[in-house]
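Values quoted throughout were computed directly from the atomic coordinates according to the rules given, and no laboratory measurement underlies them. Keep in mind the model is a prediction, meaning the values are calculated, not measured. Cβ atoms come from the backbone with ideal geometry, glycine included; neighbour counts cover every protein chain shown.
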Amino acid sequence: DNAMAIFVEPSSDKVRKELEELGVPSEKIDELTEKKVNKRVHQAMQGVVYNLNTMH
């Protein structure tokens, strides 16, 4: 679903900036950014599914 796609780029930019500020080597930033953003999207979707399943 593309409904959450508009949030991915800003999240990715934020994670990338955080990693750069922490001094993470540039060759690892892309890999770590993708992993962190994937985890955040997964958690957000779990929340959506939970909320849908608990509606009456």
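Taken one residue at a time, the phi angles of region 17-25 give Karplus couplings (6.51, -1.76, 1.60, θ = phi - 60°) of 5, 4, 5, 5, 5, 7, x, 5, x Hz. Gly and Pro are set to x. Quick one: helix 26-53 against the long Cα principal axis of the chain, what's the angle to the nearest 10°, folded into 0 to 90? The two axes meet at around 10 degrees.
Using the rule -39500 (n - 2.57) for each DSSP H run of four or more residues, divided by the residues of the chain, the 222 nm mean residue ellipticity is -28000 deg cm²/dmol.
Each residue of region 5-12 was assigned a 3J(HN,Hα) from its phi angle through the Karplus expression (A = 6.51, B = -1.76, C = 1.60, θ = phi - 60°), giving 4, 5, 8, 5, 4, x, 5, 4 Hz with x at Gly and Pro. Connecting C-alpha atoms closer than 10 Å in a GNM of the chain, tell me which of V41, V15, V24 has the biggest fluctuation. Residue with maximal mean-square fluctuation among V41, V15, V24: V24. Label zone (V48, point 7 Å along Cα-to-C-beta; backbone nitrogen cut-off 19 Å) within region 1-15: 1-13. Shape class of the chain from the Cα gyration tensor (axes a ≥ b ≥ c, square roots of the eigenvalues): prolate, since a/c reaches 1.5 or more and a/b is larger than b/c. For E27 and A3, the difference between the fully extended length at 0.36 nm per residue and the C-alpha to C-alpha distance is 5.6 nm.
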